[in-house]
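Structure first, commentary second.
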Amino acid sequence: MSLVSHATGERRGENHWLLRFELHLPHAYAAVWPALTTPDGLRGWLAAADVLERRLGGAITLRWLNTTAVATGRVTAWDVERVAEYTVTEHGRIRFHLEPVGTDSTVIRFVNERRGPETERLDRLAGWHEHFELLDSALAGRPADWSAWTDIRRTALREAYASFSRT
């Protein structure tokens, strides 16, 4: 079963997108929050957080370890153990809304609001999908080995999203 149960890309105007994912993770809420909101947690699945001021209005700098991308910005929503939102250059607004399910599962409702041409929509859907698979692995004790990363999985996911978009 895929941990990504819902992924869409909705147009919000010319070159304005709202990407949504709903993740059902078989990991305790107490483990998921730090994976989304601490430098050590983020490094295991998303990016190095060279700067992360964990408060509303705090600065953030994310440096992707599988590309040369660096994004700077601010923490634009912060509800401890429930909502973390970062608005950064390159990637726009990225929001994680957590809900515990019992004691050993968590649902994340994720939104990425960004600007960019239609040609980037499938790339971004595939990219986030792959990062969420890496999140699941990191939470299971297998953080990403960025030195061994390739774009094979992302390419396959992009093709799957393109095929889904045509139906």
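The values are calculated or read from the model by the stated rules, or taken from the named source; none is laboratory data. Just so we're clear, the structure is a prediction, and the values are computed from it rather than from any experiment. Every residue, glycine among them, receives a Cβ derived from its backbone with ideal geometry; neighbour counts consider all protein chains shown. What goes into the accessible areas is simple: the full protein's heavy atoms, side chains included, and nothing from ligands, DNA or RNA. Shrake-Rupley method; radii C 1.70, N 1.55, O 1.52, S 1.80 Å.
What the table shows:
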read-out: The chain: relative contact order in percent, alpha carbon pairs under 8 Å with at least 6 residues between; value: 24
read-out: Accessible area of the chain belonging to carbon and sulfur atoms, whole % at 1.4 Å probe; value: 52
read-out: Computed over segment 72-167, Cα set: Rg, Dmax in Å; value: 15.0, 41
read-out: Å² per residue, accessible surface of segment 1-83 at 1.4 Å; value: 49
read-out: Tail weight of P(r) past 20 Å, computed on alpha-carbon pairs of the chain, percent; value: 50
read-out: Distance between modelled label sites at T8 and T150, nm, 7 Å Cα→Cβ extension; value: 3.5
read-out: Spatial separation of Cα centroids for segment 99-143 and segment 38-78, in angstrom; value: 15
read-out: R142-D50 pseudo-label distance in nm [points 7 Å out on the Cα-to-Cβ vector]; value: 3.0
